[in-house]
Amino acid sequence: MITIEQLKDVKERTDALRRYLDIDGKKIQVEEEQLRTQAPGFWDDQKKAEAQMKLVKDLQKWIDDYNEVKTLADELELSFDFYKEELVTEGDVDAAYAKASEAVEALELKNMLRDEADQMACVLKINSGAGGTESQDWASMLMRMYLRYAETNGYKATIANLQEGDEAGIKTCTINIEGDFAYGYLKGENGVHRLVRVSPYNAQGKRMTSFASVFVTPLVDDSIEVNILPACISWDTFRSGGAGGQNVNKVESGVRLRYQYKDPYTGEEEEILIENTETRDQPKNRENAMRQLRSILYDKELQHRMAEQAKVEAGKKKIEWGSQIRSYVFDDRRVKDHRTNYQTSDVNGVMDGKIDDFIKAYLMEFSSQES
C-alpha cells in the first residue's frame, strides 16, 4: 500500500508539469493557431498549410498528454480516499499509483526533449564490426532489437537498405523509424555496442567479443531547409533483390547516391554514400535517398552546433558520438551502459526491444547538458 507521501509526490509532480509545459499558455496558442487554419485560401499553399496543421496537432498532443496524467493523478487520489472508506482494496490503490507515476514519468521524460530535432523521425544505421560472421550476427540481433522497440512503441519502421552477411547476419542496414520524438528517444543509441558471449559459430565454445556500430540521425522532411548542391551529386543504379529465383529484381531499381561534401566550417571533404533498395520503384528510391541525404547534412549541422556549445560550456561532460556505449554480456546475464552505469540482468527483454530504461537513464543524465 502506498503512503500519503507517495500520493503527494505524484500530485506535486503533476502540478509542476502543468507549469513546466505551460499548459494554460498552450491552450490559448492552440485556439490562435486553429483560427489561422480557417482563413480564406488557407490550403492554397499546401506545404505551408500542412506545417500549420502539424503545429496545431503537436500543441494539442502536449495538452492531451497532460490531461491524461492529471486524470490518473485525480483517480489515484480518489482511490486513496475510497480505501479509507473500505470501498477499494490496497491492490486497487497500488495499481492506480503505478499507472499515475508511470504516466508522470513518461511526460517528464518527453519534456526533456526540447531540441528542434528531438521531435523528428530518425534514420538508424547499423554496421557490423570486424570479425566476420560473429559481428554480422550481432548486427542482425541489434536490428531485431530496434525493430521490436519500434513496434512496441507504435513507431513505423521501414528497412531502407539491407546487406546480408556472407554466412549469417547482416553487414549493414538502414532503418527509417517514423513517429513523434523517435529521434529524441533514440539519439542516445549512437555509438559502439559490444557483445560478449559463448559463440555458436565456434566449435571450441569459446567466449567471443563482437562489435557493431549504431548511427542515429534525424529524418528530415521537406519543411527543413538543407543546402544541397546538385553539382556534387552523382547516381548509380543496380539490381536489388535476394539470392536468386523469384526474388531477383531484373530491373535496376536500387539506387546509389554519391555526394561530394565539403564541410563549410573546416573545409574537409568527404564522399557521402547512400544506397536505397526500399521499393521496386527507382524514382521512389531516388526520393528516399535524397531524404536520407538531407537528414545526414542536417545532422552534420546539428553536430557542429553541439560542438560549438560544448566549447562554450567546457565544464560540462562531453558526449563523444561513436564511442563504446554499452556492453551486452550474455553469460553473466548483464547489459550495462557505460555512460550512465545503468544495468539490467534482463538480457532477453533487452534483446526483445525493452531498452526504455536505458533511454530514460541517458536522457536523465545528459538531456540537460544538451539543451
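The values are calculated or read from the model by the stated rules, or taken from the named source; none is laboratory data. Quick caveat, the model's predicted, so the values are computed rather than measured. For neighbour counting, all protein chains shown are included, and Cβ atoms are generated from backbone atoms with ideal geometry for every residue, glycine included. Accessible surface areas use protein heavy atoms only, side chains included; no ligands, DNA or RNA. Shrake-Rupley method; radii C 1.70, N 1.55, O 1.52, S 1.80 Å.
Once you've got the GNM for the chain with C-alpha springs shorter than 10 Å, pick whichever of 22, 299, 118 has the biggest mean-square fluctuation. Most flexible of the set in this elastic network: 22. Cα centroid separation, the stretch 1-67 to the stretch 150-224: 33 Å. For the chain, the longest principal axis of the C-alpha atoms and the axis of helix 356-370 are separated by about 90°. Surface composition of the stretch 118-186: carbon plus sulfur atoms contribute 43% of the solvent-accessible area (1.4 Å probe, protein chains only, all chains present).
Which whole-number percentage describes the relative contact order of the chain, with Cα contacts under 8 Å and a sequence gap of 6 or more? In percent, rounded to a whole number, it is 15.
Look at where the Cα atoms of the stretch 72-137 and of the stretch 260-299 average out, and the two centres are 35 Å apart.
Springs join every pair of Cα atoms under 10 Å in this Gaussian network model of the chain, and among 143, 53, 351 the largest mean-square fluctuation is at 53.
Counting heavy atoms of the protein chains alone, residue 45 has an accessible area of about 80 Å² for a 1.4 Å probe.
For the chain, the mean residue ellipticity at 222 nm estimated from helices alone is -15500 deg cm²/dmol, where every DSSP H run of n ≥ 4 contributes -39500 (n - 2.57) and the total is divided by all residues, rounded to the nearest 500.
Taking every protein chain into account, the accessible area of the chain amounts to 54 square angstrom per residue (probe 1.4 Å).
Mind ranking 193, 338 by accessible surface for me, highest first, 1.4 Å probe?
Numbers: 193 0, 338 80 Å².
Accessible-area ranking of 193, 338, largest first: 338, 193.
For the stretch 116-237, the dipole from Cβ point charges (+1 on Lys and Arg, -1 on Asp and Glu) about the Cα centre works out to 760 debye, to the nearest 20. Within the assembled protein chains, the solvent-accessible surface assigned to residue 42 is about 30 Å², based on a 1.4 Å probe.
When 116, 108 are compared by accessible area at a 1.4 angstrom probe, the order from most to least is 116, 108. Taking Cα atoms only, the orientation of helix 23-37 departs from the longest principal axis of the chain by about 60 degrees. A simple count of charges around residue 64, restricted to other residues whose Cβ falls under 14 Å of its Cβ and scoring Lys, Arg +1 and Asp, Glu -1, yields +3.
Give the label of the value calculated from the structure for Cα Rg over 2.2 N^0.38 Å, choosing from (i) 1.14; (ii) 1.01; (iii) 1.08. Recomputing Cα Rg over 2.2 N^0.38 Å here picks out (i).
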